[in-house]
Amino acid sequence: MIQEITPTIQDRLNLSALILKKNYPKANISSWFGFNINNDLEVKHVKRLLKLHGVKSGLHLRNALQRYENGEIASNSFEKLAAEFRTDTTSRFDAKCNAQENFRIKNTYKIVWKHRFNLKQEKLLGYEMAYSIFLMRLGGVLGFISTEEMELRLEDINERVKTTFTSWGEFHRNVCLGDEFILGVAEPDTSIFPVSDTIWGCYQRLNIEHADRFKEWKL
């Protein structure tokens, strides 16, 4: 049985709204899972997304959640590079960056260099927590996790996120940077709208289509 969504639960589910919309623009962010469990096409899409993340069972899902919540997906590698770059001069960094032939690695270097100091504490926690909730929502569609367990996990994640970031804007920008870091894509000019089909474009559209949801930052 799927329990009712309270305003508190909805606010916590909204932490994954940006990642959810990026992966499925038609997603219903006002539901537990974002997908219609009675729609075969949507369920098929969920299965495809979970397969991409190596999630084929409840055990796989919980292992994935643990990795995201422990910072193993993005934060640990981000901090390792950031710590190295904090001791570099600009010329030394440029030499390291130019020595890389892979453009994705170059973009990753540039992202870390730009944010090596201002993300020293939070790292890419926002991105990882958003992705953790996103995977929970996908797992819920296939019955890998109950809404009762999701609620308990959401409470823990919400406290970590809301005590680390001070606003929806700050949190969502961290989600965007984390996505770029993982994909190794260059930061776009966010003054232009829309920013094509990047996560920044999703961020802009989310704040236009659901502006009222992302104003109050409450623990």
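In the set 18, 61, 13, 49, which member is in contact with a Gly (Cβ under 7 Å, 6 or more places away or on another chain), in contact (Cβ under 8 Å) with a residue 12 or more places away in the chain and aliphatic (A, V, I, L, M)? Full working, then the answer.
Numbers: 18 fails: in contact with a Gly (Cβ under 7 Å, 6 or more places away or on another chain); 13 fails: in contact with a Gly (Cβ under 7 Å, 6 or more places away or on another chain); 49 fails: in contact with a Gly (Cβ under 7 Å, 6 or more places away or on another chain).
The conditions single out 61.
Could you list, in sequence order, the residues of the stretch 9-40 that are closer than 23 Å to residue 148 by Cβ and not in a loop (DSSP other than H, G, I, E, B)? Give the steps one after another, and end with the answer.
Our first condition is that a residue be closer than 23 Å to residue 148 by Cβ; within the stretch 9-40, this holds for 9-17, 19-20, 27-38.
Matches in the stretch 9-40: 9, 10, 11, 12, 13, 14, 15, 16, 17, 19, 20.
For the stretch 83-115, the set of residues classified as open to solvent by less than 40 Å² (accessible area, probe 1.4 Å) and either touching a residue at least 40 places away in the same chain (Cβ under 8 Å) or within 30 Å of residue 143 (Cβ to Cβ) (or both) consists of 107, 108, 111, 112, 115, listed by residue number. Listed conditions (1) touching an Asp or Glu at 6+ places or on another chain (Cβ under 6 Å); (2) buried (at least 21 other Cβ atoms within 10 Å of the Cβ); (3) not in a helix (DSSP H, G or I) are all met by residue 119, apart from (1). All conditions but one from (1) open to solvent by 70 Å² or more (accessible area, probe 1.4 Å); (2) more than 22 Å from the chain's Cα centre (by Cα) apply to residue 76; the one that does not is (2). Restricting to the stretch 128-155, and then to whatever is in a helix (DSSP H, G or I) and free of Cβ contacts under 8 Å to residues at least 60 places away in the same chain, can you tell me which residue is surrounded by the fewest Cβ atoms within 10 Å (Cβ to Cβ)? Filtering first and then ranking leaves 152. Do we have residue 43 as in a loop (DSSP other than H, G, I, E, B), touching a residue at least 40 places away in the same chain (Cβ under 8 Å) and farther than 25 Å from residue 219 by Cα here? Against the criterion (in a loop (DSSP other than H, G, I, E, B), touching a residue at least 40 places away in the same chain (Cβ under 8 Å) and farther than 25 Å from residue 219 by Cα), residue 43 does not qualify. Exactly one residue among 123, 96, 106 is out of contact with any Gly (no Cβ under 9 Å at 6 or more places or on another chain) and at pLDDT 95 or above, and that residue is 96. Answer with yes or no whether residue 37 is touching a residue at least 40 places away in the same chain (Cβ under 8 Å), aliphatic (A, V, I, L, M) and either over 21 Å from residue 176 (Cα atoms) or open to solvent by 40 Å² or more (accessible area, probe 1.4 Å) (or both). The answer is yes for residue 37.
The values are calculated or read from the model by the stated rules, or taken from the named source; none is laboratory data. Keep in mind it's a predicted model, so treat the numbers as computed, not measured. Neighbour counts run over all protein chains shown; Cβ positions are idealised from the backbone, glycine included. The area values use the complete protein model at the heavy-atom level, side chains included, leaving out ligands, DNA and RNA. Shrake-Rupley method; radii C 1.70, N 1.55, O 1.52, S 1.80 Å.
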